[in-house]
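**Q** My questions will all concern the structure given below.
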Amino acid sequence: MGVATDLGIATRLVVDKLQKCRIVIVESNHDEDMLMNGPYPWHLKQRIRSRHGHLSNNDSAALLEEILHPCLEGVFLAHLSEVNNDPSLAHSAATTMLASTNICSPKLIVGTQDQVSAVFCING
C-alpha cells in the first residue's frame, strides 16, 4: 500500500515507489477551475498550484495512469478540498482515465471529509 498526499508534483521517485502497490491513497485536492474561480486569495491559489502545493484531479489521474499495473486492486482519492473540489469531479477524472485503459480495474473510493468511507479488503 502506498500513500501520496501533499505532493505538489508527482516526481519520478513517487511514481517508482507507487508502481508496485496493490492499494494506493492518492491526493486529488482540487478542481483547477474551481480553485481559480474560488474565494481563495491569489497567493494561496498560486501556492496550491505550485510544486509545493497539491495535486489537482487531473494531476492525480495522470499519476494514476503512470502507476497502473495488473495487480492494482484499489485507489483511494484523498485530501479533497471542501472549497475547491467536488467528489464527483475527482471521481470523474479518475474513472475517465481508468476507462481509457485495460490494464486493470481497481476499486475506486473517493474520500470525503464528512462521512466514513468504504474500506479495502486485501486478499493474501
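**Q** Arrange the peptides 81-87, 24-30, 95-101, 39-45 so that the one whose residues have, on average, the most other Cβ atoms within 10 Å appears first. Intermediate results must be reported in sequence, preceding the final value.
**A** Values: 81-87: 16.7, 24-30: 25.9, 95-101: 13.3, 39-45: 11.3.
Most protected by this proxy first, the peptides run 24-30, 81-87, 95-101, 39-45.
**Q** Still on this structure, I have one more. Where the convex hull is taken over the Cα atoms of the chain, what is its projected area averaged over directions, in nm²?
**A** The Cα convex hull of the chain, projected and averaged over all directions, gives 7.5 nm².
**Q** Please grab the % of Cα pairs in region 7-80 that end up more than 18 Å from each other.
**A** Summing the P(r) tail past 18 Å for region 7-80 gives 39 percent.
**Q** Hey, another quick one. To the nearest 0.05, what FRET efficiency results for Glu82 and Cys121 with a Förster distance of 30 Å applied to their C-beta separation?
**A** With R0 = 30 Å, the Cβ-Cβ based efficiency is 0.60.
**Q** Another question, if that's okay. Restricting to DSSP H runs of at least four residues, report the calculated mean residue ellipticity at 222 nm for the chain, -39500 (n - 2.57) per run over all residues, nearest 500 deg cm²/dmol.
**A** About -10000 deg cm²/dmol.
**Q** Another question about this same structure. Round to a whole angstrom and tell me the spacing of the C-alpha centers of region 71-124 and region 53-68.
**A** One Cα centre to the other: 11 Å.
**Q** Do you know the relative contact order of region 12-124, to the nearest whole percent, from alpha carbon pairs under 8 angstrom that are 6+ apart?
**A** 33
**Q** Cross-link candidates for Lys20: which aspartates and glutamates have Cα within less than 17 Å, leaving aside residues fewer than 8 places away along the same chain?
**A** Counting by Cα, and skipping residues close in sequence, Lys20 has these aspartates and glutamates nearby: Glu65, Glu66, Glu73.
**Q** With Cβ to Cβ distances under 10 Å as the rule, what net charge do the other residues near Cys71 carry (K, R +1; D, E -1)?
**A** Computed value for this residue: +1.
**Q** At 7 Å along the Cα-to-beta-carbon direction for both Thr112 and Leu13, put a label point, then send me their distance in nm to one decimal.
**A** So the label points at Thr112 and Leu13 sit 3.6 nm apart.
**Q** Per the Kirkwood formula on distinct C-alpha pairs, the Rh of region 52-114 is how many angstrom?
**A** Values: mean 1/r = 0.0828 Å⁻¹.
By the Kirkwood definition, the hydrodynamic radius is 12.1 Å.
**Q** What is the sum of charges, Lys and Arg at +1 and Asp and Glu at -1, for the other residues whose Cβ falls under 15 Å from the Cβ of Ile48?
**A** On the way: positive: Lys45, Arg47, Arg49, Arg51; negative: Asp6, Glu27, Asp31, Glu32, Asp33, Asp59, Glu82.
Neighbourhood net charge equals -3.
Every number here is computed from the coordinates shown, using simple stated rules; none is lab data. Just so it is clear, the model here is predicted, and its values are computed rather than measured. Note that we place each Cβ from the backbone using ideal geometry, even for glycine, and neighbour counts take in every protein chain shown.
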